[in-house]
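Asker: For reference, the structure I am asking about is given below.
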Amino acid sequence: MDIKQAEEIMNSPRKVEVQYDDVPVWIESIQGTTANIVVIGTNKKMTVPVEQLEYTGRPVDPENIYGLQ
């Protein structure tokens, strides 16, 4: 994923799932070329390279806390 797309997702009015290493996450913030992410369904936070994130487009909501549809 490029930084522009990551910023658009992060600034979206709804939470949109992305994946990091096949794990559903959402983006909390971006600093340079890294993103601060949270694993969906947990409070585990990580800082990862933006380029390693993959867009899924799935919404994150209480009915979909693990990114499954």
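Read-outs: derived from the displayed coordinates by stated rules, not from any lab. Keep in mind it's a predicted model, so treat the numbers as computed, not measured. Virtual Cβ from ideal backbone geometry, glycine too; neighbours counted across all protein chains shown.
Asker: What list of ³J(HN,Hα) values in whole Hz, one per residue of segment 7-22 in order, does the Karplus curve 6.51 cos²θ - 1.76 cosθ + 1.60 (θ = phi - 60°) give from phi, with Gly and Pro shown as x?
Answerer: Result, rounded to whole Hz: 5, 4, 5, 4, 8, 5, x, 10, 7, 10, 6, 10, 10, 10, 6, 6.
Asker: Non-local amide H neighbours of K15 (under 5 Å, H modeled in plane, Pro and chain starts lacking H): which ones?
Answerer: Residues meeting the amide H criterion: V60.
Asker: Of the peptides 20-31, 40-51, how do they stack up when ordered by the mean number of other Cβ atoms within 10 Å, highest first?
Answerer: With the highest mean Cβ count within 10 Å placed first, the list reads 20-31, 40-51.
Asker: Once phi is turned into ³J(HN,Hα) by the Karplus curve 6.51 cos²θ - 1.76 cosθ + 1.60 with θ = phi - 60°, what whole-Hz value does each residue of segment 28-33 show in order, with x for glycine and proline?
Answerer: Result, rounded to whole Hz: 8, 7, 10, 10, x, 9.
Asker: For the chain, what is the Kirkwood estimate of the hydrodynamic radius, computed as the reciprocal of the mean inverse distance between distinct Cα atoms, to one decimal in Å?
Answerer: Evaluated over the chain, this radius sits at 11.6 Å.
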